[in-house]
Amino acid sequence: MGDTFPRGVAALAAGLARGEFSSVELTRHYLARIAALDGRLNSYITVCAEQALTEAAAADAARAAGRAGPLTGVPYANKDIFCTRGVRTSCASKMLDSFIAPYDATVCERLRAAGMVMLGKTNMDEFAMGSSNETSFYGPVANPWDLDRVPGGSSGGSAAAVAADLAPIATGTDTGGSIRQPAAFCGISGLKPTYGRVSRYGMIAFASSLDQGGPMGLSAEDLALMLNAMAGFDPRDSTSVERPDEDFTRALDLPLAGLKVGLPREYFDAGLDAGIRTAVEQAAKVLEAQGATLREVSLPHLDLAIPAYYVIAPAECSSNLSRFDGVRFGHRCENPKDLFDLYCRSRGEGFGAEVKRRILIGTYALSSGYYDAYYRKAQQVRRLLRDEFNAAFAEVDMLLGPTTPTVAWRAGAHASDPVTMYLGDIYTTAANLAGLPALSMPGGLVDGLPVGVQLTARHFDEARLLGLAHRYQQETDWHTRQPALA
Amino acid sequence: MQWETVIGLEIHAQLATRSKIFSGASTAYGAEPNTQACAVDLGLPGVLPVVNREAITMAVRFGLAIDAQIAPLSVFARKNYFYPDLPKGYQISQYEDPIVARGRIDIDTEQGAKTINITRAHLEEDAGKSLHEDFHGATGIDLNRAGTPLLEIVSEPEMRSAQEAASYMREIHRLVRYLGICDGNMQEGSFRCDANVSVRPVGQAEFGTRAEIKNLNSFRFIERAIEYEVERQIDLIESGGKVVQETRLYDPDKDETRSLRSKEDAHDYRYFPDPDLLPVAVTQADIDAVRASLPELPRQKIARFVTELGLGREEATTLANDAEVAAYFERAVAVHPASARQVANWVMGELFAALNRDNLAISASPIKAEDLGRLVERVTDGTLSGKLGKQVFQSMWTSGRDADAIIEAEGLRQVSDTTLIEVAVREVLAANADQVEQFRAGKDKVLGFLVGQVMKKTGGKANPALVNELIRTEIAR
């Protein structure tokens, strides 16, 4: 077994195809790295060593039999929100500490069918509620760039694992920035596809109208390869969009000449860190040098995205999490004295503080007498934002801006002030509310910490979105930087 | 004080789809507990609902039959509450935008036909069942029923008596069975009803405070429950009390209603549109296709039986009440259109009696409709006497053969050959000289005895009318 493997899915797939190494060797390599390094990161909740090696052997056999696809034998890490038959799916909650789903999520089925090897299930904020990966029942995840800092969330385990090379690529889910923000904090690339592009079947719901699964990897090219396997119409998900399958790598090498890139004025407000502003401006220049034209645009009501998001997401979560009642699966309290006691203590013990906070907010927002003032109003804001994005996309093809207003903060910094943390989602939530595809890619370092640059595209325009990011990554090397830990 | 009763009904009709409204699990009744509940019905983490298009079609069918508006877009919403037999912690129902709105149906009352307006009909999923017996201090949950499609049909408060309410319930029951969208089985809970009941002084425009009586699953119970409740409310008001808005349960054993929960205890269901489901689109083309497949409706059929077939209204109603009975009758009449009334009599007489005796549904009748029509024809054309006809009917019932085959094989053809009968008549008159004398002396009753003797001699095959005539002629000679 060789000690050095190339980094990234594209290179690994090429190496596997050329027979330079086997999937079993590659999988052993990653399992060894996880064993050696993850004690410091806590990026995995469950490592599936035995199963991964079995899958790798099967992948090698498929290759030997001439049945290999483009991703056959490539390992990946799976966010612990996707149900996996036979392997615990905890959603990082005590509530599901012992839950083993009897079925695979559609995404897992598709990645299995593509021959990919699941290394394990990654850590996350409990039920994907959080921006720092500090709400996990299995403990916080450390940022590989600075172990005292948060990796972002909720897909913090996936981001940290990829950044530290404990997996070449990972799945994530994004409800208000949960792929893009940790990707930004950990210096990797992450794509939230168009709502309806990736099946939600078997992905434990946080806020159904906003949740979207997507890939988290080292480059736009890797994201495109992974999205090819993840995306596609699923009749089991009514919100899945029926469209012909497409190759998301098809626009990677298209020139940028003629492409109009908009810089929304509201993305560059007073709350934006000066170093991040500079990084985004640098990125704009790189794209311009490639032939793209830049134009300032406006999303006048972007400031309403956070309040609307923090009504809609908790409202939906308050209902989605009702099924965790201690009756059929998940945590059940000891010796309930009656039904009410069973509900109260099972849920009281099973859910963490942030989950409870959001259930309470959402329950309040949907209550009779408050519905019109909160939920209905938030849905109106949502339509308004979508209209403003559509207006912007009448002028330009892509939007460019920061992913986050700051770089990764120190663990515990917002422990007593959740609202400050919520406000950090200012640049990411709007894409979820409007259902648009958006991507974060590394665009610099501030104080030695990664900066994320965000690109947003029209609905279903992922191929060109990935193409733009790929062109940028051809001209820069931020995405190849590695934290010292690795 | 004169009181007026005001009643509105919410009927839950279980739609006769093969699979559930949001999953592929079977809806068949009576399976072992929890064997017809898949991951979606169990509300496992990550699962999603997908609407069963057949349920939509059935709701549209109902909407068109009550002349209602079909929403081009209707919305599924979540009704949130905790209960052990509600797996997701919410029921998927329709709230602000139901699929069917503003329909009407005519019902029969003592004062004649009356139109009842139907506010709305919406789709929803049923919950599971909590089983409180046989678990020794615990409660069992059976989720087979969870996710079964229901159509909730909400009337305006336009019924003014328990009888009208029962008549409305019967009319809807007959209609959903006609439409083939509900089996109407009340024992199995496929068709059940909640009644909102209030009273007010005659002449007062405002409604009184209402009580809701839950889960009435028979026509008899709904009448009795409402009658009890009306009396309770009037007694309460007349003795200086006040009706409180509450949910009550009818206890058929004690024939009374009792309080289940008050308005203060009512849930805040926190309805909101279900983000897992897109709005349900029904196009004009969908509506046209459903309309083209609508059967003749019960009241149209009754009217046609009366005007075109010459049946009495009561007979027509009896035959048209059940779509299968009506279809059987119409198939029988088609064989022998000239004698619809006779066919009706045979269906309601011999056939119903035999079905009842052997406890069979009409669909399981050993005598096919066409065969019954042929039998009636053989009676009306004189091939068989009425008595022989009944004998042939029984033989058809047990053997499954048709009338002509039995008549042929058993030689039952009625004898109308005068010379053959004359021989028998002469023999009988010769042997019964006393009776002949009595008849001549004016005792007409004796004639019956003499006819009977002739019939006996001919093995019952002689045409009785002919026998009668020949005896008179012979004696008069």
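Is it true that some residue in the range A:287-295 is touching a Lys or Arg at 6+ places or on another chain (Cβ under 9 Å), more than 13 Å from every other protein chain (Cβ to nearest Cβ) and buried (at least 18 other Cβ atoms within 10 Å of the Cβ)? Yes: one or more hits.
Of everything listed in (1) closer than 19 Å to B:E10 by Cα; (2) open to solvent by less than 20 Å² (accessible area, probe 1.4 Å); (3) outside any strand (DSSP E or B), the single unmet condition for B:D97 is (2).
Taking the conditions exactly as written (under 26 Å from A:A231 (Cα atoms), surrounded by fewer than 21 Cβ atoms within 10 Å (Cβ to Cβ) and among the hydrophobic types (A, V, I, L, M, F, W, C)), does A:A463 satisfy them or not? Here the answer is yes, as A:A463 does meet what is asked. Within the range B:286-297, restricting attention to residues that are over 22 Å from B:V50 (Cβ atoms) and not in a loop (DSSP other than H, G, I, E, B), the residue that is most open to solvent (accessible area, probe 1.4 Å) is B:R291.
To keep it simple, each residue is scored yes or no on (1) open to solvent by 80 Å² or more (accessible area, probe 1.4 Å); (2) on the phi < 0 side of the Ramachandran plot; (3) without any contact (Cβ under 8 Å) to a residue 60 or more places away in the chain.
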{"site": "B:R192", "(1), (2), (3)": "no, yes, no"}
{"site": "B:F207", "(1), (2), (3)": "yes, yes, no"}
{"site": "B:L216", "(1), (2), (3)": "no, yes, yes"}
{"site": "B:R220", "(1), (2), (3)": "yes, yes, yes"}
{"site": "B:E229", "(1), (2), (3)": "no, yes, yes"}
{"site": "B:Q245", "(1), (2), (3)": "no, yes, yes"}
{"site": "B:K254", "(1), (2), (3)": "yes, yes, yes"}
{"site": "B:L260", "(1), (2), (3)": "yes, yes, yes"}
{"site": "B:F272", "(1), (2), (3)": "no, yes, no"}
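Scanning the range B:327-339 for residues that are aliphatic (A, V, I, L, M), surrounded by fewer than 23 Cβ atoms within 10 Å (Cβ to Cβ) and either farther than 15 Å from B:R378 by Cβ or at pLDDT 90 or above (or both) gives B:A327, B:A334, B:V335. Beta carbons closer than 7 Å, at least 6 apart along the sequence or on distinct chains, pair a first residue in the range A:321-341 that is without any contact (Cβ under 8 Å) to a residue 40 or more places away in the chain and within 18 Å of B:G137 (Cβ to Cβ) with a second that is assigned to a helix (DSSP H, G or I) and open to solvent by less than 10 Å² (accessible area, probe 1.4 Å) for A:G326/A:S346; A:R332/A:S346; A:C333/A:S346. If you go through the range A:71-93 and keep only what is open to solvent by 10 Å² or more (accessible area, probe 1.4 Å) and of a type in the set (K, R), you end up with A:R85, A:R88.
Can we say A:P336 is over 23 Å from B:H267 (Cβ atoms) and assigned to a loop (DSSP other than H, G, I, E, B)? So that I can check it myself, show each step before the final result.
On the way: over 23 Å from B:H267 (Cβ atoms): no; assigned to a loop (DSSP other than H, G, I, E, B): yes.
Criteria not met by A:P336.
Between B:D434, B:D402, which is acidic (D, E) and assigned by TED's automatic domain parsing to the domain that holds B:L388?
Working: B:D434 fails: assigned by TED's automatic domain parsing to the domain that holds B:L388.
Every option except B:D402 fails the conditions.
The residues listed here are A:D234, A:D247; of these, the one that is at pLDDT 95 or above, out of contact with any Asp or Glu (no Cβ under 8 Å at 6 or more places or on another chain), assigned to a loop (DSSP other than H, G, I, E, B) and buried (at least 20 other Cβ atoms within 10 Å of the Cβ) is A:D234. Test B:E156 against the stated conditions and say whether it is in contact (Cβ under 8 Å) with a residue 24 or more places away in the chain, within 14 Å of another protein chain (Cβ to nearest Cβ) and farther than 29 Å from B:S26 by Cβ. Taking the combined requirement at face value, the residue does not satisfy it. Being touching a Leu at 6+ places or on another chain (Cβ under 7 Å) and open to solvent by 40 Å² or more (accessible area, probe 1.4 Å) holds for only one residue in A:R7, A:R18, A:R67, and it is A:R7.
How many residues, within the range B:41-71, are more than 9 Å from every other protein chain (Cβ to nearest Cβ) and closer than 23 Å to B:I153 by Cα?
From the range B:41-71, those more than 9 Å from every other protein chain (Cβ to nearest Cβ) are B:41, B:52-71; that's our starting set.
Restricting the remaining residues to those that are closer than 23 Å to B:I153 by Cα gives B:52-71.
Result for the range B:41-71: 20.
When the range B:72-93 is limited to residues that are open to solvent by less than 40 Å² (accessible area, probe 1.4 Å) and more than 19 Å from B:P275 (Cβ to Cβ), the one that is farthest from the other protein chains (Cβ to nearest Cβ) turns out to be B:D85.
Is there a residue being modelled with pLDDT of 95 or more, within 14 Å of another protein chain (Cβ to nearest Cβ), within 22 Å of A:L302 (Cα to Cα) and open to solvent by less than 60 Å² (accessible area, probe 1.4 Å) anywhere in the range A:382-405? Give the steps one after another, and end with the answer.
Within the range A:382-405, the first condition is being modelled with pLDDT of 95 or more, and the residues that meet it are A:382-405.
Narrowing the set further to residues that are within 14 Å of another protein chain (Cβ to nearest Cβ) leaves A:382-383.
Those left that are additionally within 22 Å of A:L302 (Cα to Cα): A:382-383.
If we keep only those that are open to solvent by less than 60 Å² (accessible area, probe 1.4 Å) as well, we get A:382.
There is at least one residue in the range A:382-405 that is modelled with pLDDT of 95 or more, within 14 Å of another protein chain (Cβ to nearest Cβ), within 22 Å of A:L302 (Cα to Cα) and open to solvent by less than 60 Å² (accessible area, probe 1.4 Å).
When you look at A:Y364, is it more than 9 Å from every other protein chain (Cβ to nearest Cβ), hydroxyl-bearing (S, T, Y) and more than 31 Å from the chain's Cα centre (by Cα), yes or no? Show your work before the answer.
Working: more than 9 Å from every other protein chain (Cβ to nearest Cβ): yes; hydroxyl-bearing (S, T, Y): yes; more than 31 Å from the chain's Cα centre (by Cα): no.
So A:Y364 does not fit the description; no.
Got at least one residue in the range A:145-154 being within 14 Å of another protein chain (Cβ to nearest Cβ) and touching an Asp or Glu at 6+ places or on another chain (Cβ under 7 Å)?
Taking the range A:145-154 as the starting set, the residues that turn out to be within 14 Å of another protein chain (Cβ to nearest Cβ) are none.
Within the range A:145-154, none of the residues are within 14 Å of another protein chain (Cβ to nearest Cβ) and touching an Asp or Glu at 6+ places or on another chain (Cβ under 7 Å).
Within the option set A:L252, A:L287, A:L342, A:L321, being closer than 29 Å to A:R382 by Cα and at pLDDT 95 or above holds for one residue only, A:L321.
In the range B:462-477, how many residues are charged (D, E, K, R) and either buried (at least 19 other Cβ atoms within 10 Å of the Cβ) or in contact with a Lys or Arg (Cβ under 7 Å, 6 or more places away or on another chain) (or both)?
First, pick out the residues of the range B:462-477 that are charged (D, E, K, R): B:469, B:472, B:474, B:477.
Retained after the next criterion (residues that are either buried (at least 19 other Cβ atoms within 10 Å of the Cβ) or in contact with a Lys or Arg (Cβ under 7 Å, 6 or more places away or on another chain) (or both)): B:474.
Here the count works out to 1.
The set of residues from the range A:299-330 being in a loop (DSSP other than H, G, I, E, B) and open to solvent by less than 40 Å² (accessible area, probe 1.4 Å) comprises A:L299, A:F324, A:D325, A:G326, A:V327, A:F329, A:G330.
Every condition in (1) in contact (Cβ under 8 Å) with a residue 24 or more places away in the chain; (2) open to solvent by 50 Å² or more (accessible area, probe 1.4 Å); (3) more than 23 Å from B:A28 (Cα to Cα) is met by B:F135 except one, and the failing one is (1).
In the range A:111-131, the count of residues that are more than 30 Å from A:S22 (Cβ to Cβ), more than 12 Å from every other protein chain (Cβ to nearest Cβ), open to solvent by 10 Å² or more (accessible area, probe 1.4 Å) and in contact with a strand residue (DSSP E or B) (Cβ under 7 Å, 6 or more places away or on another chain) is zero.
Would you confirm, using the coordinates I've provided, whether A:N320 is out of contact with any strand residue (DSSP E or B) (no Cβ under 8 Å at 6 or more places or on another chain), more than 9 Å from every other protein chain (Cβ to nearest Cβ) and either over 27 Å from A:Y138 (Cα atoms) or of a type in the set (S, T, N, Q) (or both)? It is false that A:N320 is out of contact with any strand residue (DSSP E or B) (no Cβ under 8 Å at 6 or more places or on another chain), more than 9 Å from every other protein chain (Cβ to nearest Cβ) and either over 27 Å from A:Y138 (Cα atoms) or of a type in the set (S, T, N, Q) (or both). Filtering the range B:26-48 to residues that are among the hydroxyl-bearing types (S, T, Y) and open to solvent by 30 Å² or more (accessible area, probe 1.4 Å) leaves B:S26, B:Y29, B:T35. Here A:A101, A:A68, A:A77 are screened, and the one residue that is more than 16 Å from A:Q51 (Cβ to Cβ) and at pLDDT 95 or above is A:A68.
The values are calculated or read from the model by the stated rules, or taken from the named source; none is laboratory data. Here the structure is a predicted model, which is why all the values come from computation and not from measurement. Here Cβ is always computed from backbone atoms with ideal geometry, including for glycine, and neighbour counts include all displayed protein chains. These accessible areas exclude ligands, DNA and RNA; they are computed on the full protein's heavy atoms, side chains included. Shrake-Rupley method; radii C 1.70, N 1.55, O 1.52, S 1.80 Å.
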